[in-house]
Amino acid sequence: MSKGTYSFTTPIYYVNAAPHLGTAYTTIAADTVARYQRMNGYDVAFVTGMDEHGQKVADVAAEHGMTPQAWCDSMEPAFREAWDMLDITYTDFVRTSEDRQARTVRTFWQDLYDKGFCYKGSYEGWYCVHEETYYAESDLEKNEEGAYVCPDCKRPVQQAGGEENWFFKLSEFQRPLLDFYEEHPDFIRPETRRNEIVAFVKGGLKDLSISRSTFDWGVPLPFDKGHVAYVWADALLAYLTGIGYADPDRPGEFDANWPMQYHFVGKDITRFHCVIWPAMLMAAGLPITHTVFGHGFLLTKGEKMSKSKGNALRPADLVGVFGVDAYRYYFMSDVQFGHDGSISLERMVQVYNADLANTWGNLFSRVTNMTKKYFDAHVPEVAPSFGEGERGAENPLREMSAGLYAAYDEAMARVDFTAAAREVMALAERANRYIEETEPFRLAKDPERADELAFVMYNLLEAIRICALYLAPFAPNTSAEVFRRLGLGDVTEVVDIEAATAWGQLPAGGPVSVGDPLFPRLDTDAIDFDME
Ligand code: MSP
């Protein structure tokens, strides 16, 4: 029986560039949650998509001699293919140029307009096209030539000459937001992000311009068709579209999935998600997402990876060398979610060799090879008398497995992927040590100890089955392969991982196949590109 819904999102990504390691990072994190919570009995809604409107995209399209729509259409395959390559199991992919998104935008903003939260005014100030944001003169910085530049992206800003815009009364939400943060300490995580946001809101909030009339690549506001919705007043609403908001074809879905559990975002966009978004939801009278998790940046040589700096590697480059599972495992286990993380090829090879080749892959080969040799490639039957009494008490793998669900589940619930991965790897490491301690190769030489050998080998195979289950959210293809080689069913169909990892379910007598190494060792010298 389902435990209920578990809903979350990645940002919907801008279409001016193809997916890179940074956008893939957030998406893989969300997918790790999706895969785990499905195995944990939840109905998962996992929304991602493309953020297509705004002047920036219109400009890029024009540079390519295309209409904005044609340009966005041409980018969709790049995103879909990247996510397919990384085995991302999103449940909806929202494009903001879709009709259903326009309906969401119209419905939502008409509601806020009717409730009196919108007014027409004019803005005297400065505008940055890249950030699609207005700035007061006091917020700006100056470049070396003394010209005003955007405080966020450092690009030159343009003077906004009093154009008429629609505004959302964000300033009214200062107190309600501060109260909300106080009452919901988990709304912004990690703690450092929370402190930044609280300080920002305490500094006062200005009303937010939610429309543009100088270009038309956007959703026209229902109450003033000469204006299109500002990109963020549009994009955030894609989260609602992705679970069927105002969609007559998806009855009941929105109510079942809202509020969501998480929005996973990079720390660059926590303000939009932790200030503007909850204020919009409060105005609409909708409940607010449980947690906005603002993760850190991936850094190479101490610098943020980004397309504009030219240091953005394509996911496919790394998948080509390491494979999808190792790629996913590295980013999830080695970059602590919530902190900035320096990534390098050397480190990736190190983690690959230590955890995947030497610990997990090696355990699997040793145990399956021994099973082939000593038990004709079948899961041994443990003699009923064995495992009781003194010798039976010594089953460290069983003991360790017993506490695993609680620790792993707790880590996954707070999206500490590093801790969750460490829990499983500890069992694999313990199993390798168990081989050294029990010395099955010695037991095999002594016919009087055949029962003991069967017991030891069964324990090892069972520990492998359990590791495969817990590693499935990180390295889904390998776990599926391990299940195949143990003669078990489809690992992704497990819907109660707690029950599935209870000890002793590997059926005796089942076939075990050996096959190629799961993770052949890698040599850094054999890799001929750098991560810059
Ligand atoms: N379109 C907006 C989001 C709208 S959500 C309603 C946007 N798009 S983006 O394409 O610029 O994507 C930004 C996101 O990409 C970040 O929030 C983060 O999730 C991810 N990353 C981009 N570069 C990154 C790193 N170098 N490191 C980690 N993640 C980064 O902002």
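The values are calculated or read from the model by the stated rules, or taken from the named source; none is laboratory data. What you see is a predicted model; the values in this text were computed from it and never measured. Glycine also receives a Cβ, built like all others from the backbone with ideal geometry; neighbour counts cover every protein chain displayed. Protein only, heavy atoms only, side chains kept; ligands, DNA and RNA dropped before computing areas. Shrake-Rupley method; radii C 1.70, N 1.55, O 1.52, S 1.80 Å.
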**Asked** Is it fair to say residue 502 is more than 24 Å from residue 356 (Cβ to Cβ) and without any contact (Cβ under 8 Å) to a residue 40 or more places away in the chain?
**Response** yes
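Quick check: is even one residue across region 243-254 away from the ligand (no atom under 15 Å from the Cβ), in a helix (DSSP H, G or I) and either in contact with a Pro (Cβ under 6 Å, 6 or more places away or on another chain) or under 29 Å from residue 417 (Cβ atoms) (or both)?
So the first thing to find is which residues in region 243-254 are away from the ligand (no atom under 15 Å from the Cβ), and the list is 244, 246-254.
Filter again for in a helix (DSSP H, G or I), leaving 253-254.
Those still in the list that are either in contact with a Pro (Cβ under 6 Å, 6 or more places away or on another chain) or under 29 Å from residue 417 (Cβ atoms) (or both) too: 253-254.
Scanning region 243-254, I find at least one residue that is away from the ligand (no atom under 15 Å from the Cβ), in a helix (DSSP H, G or I) and either in contact with a Pro (Cβ under 6 Å, 6 or more places away or on another chain) or under 29 Å from residue 417 (Cβ atoms) (or both), so the answer is yes.
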**Asked** Looking at (1) without any contact (Cβ under 8 Å) to a residue 40 or more places away in the chain; (2) touching a helix residue (DSSP H, G or I) at 6+ places or on another chain (Cβ under 7 Å), which is the one condition that is false for residue 132?
**Response** (1)
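For region 30-49, give me the residue count where each residue is within 11 Å of the ligand (Cβ to nearest atom) and either of a type in the set (Val, Ile, Thr) or free of Cβ contacts under 8 Å to residues at least 24 places away in the same chain (or both).
2
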**Request:** Working only within region 349-371, note down all residues that are closer than 18 Å to residue 419 by Cα and aliphatic (A, V, I, L, M).
**Result:** 351, 354, 356
**Tally, over region 1-29, of residues that are more than 9 Å from the ligand (Cβ to nearest atom) and part of a strand (DSSP E or B)** = 5
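Give region 239-254 a look and list any residue that's open to solvent by less than 10 Å² (accessible area, probe 1.4 Å) and among the small types (Gly, Ala, Ser), or say none. Steps first, please.
We begin by selecting, within region 239-254, every residue open to solvent by less than 10 Å² (accessible area, probe 1.4 Å); these are 239-244.
The answer is 242, 244.
Can you name every residue in region 255-274 that is in a helix (DSSP H, G or I) and either within 8 Å of the ligand (Cβ to nearest atom) or crowded, with 21+ Cβ neighbours inside 10 Å (or both)?
Just the residues of region 255-274 that are in a helix (DSSP H, G or I), to begin with: 255-257, 267-274.
Within region 255-274, 257, 267, 268, 269, 270, 272, 273, 274 meet the criteria.
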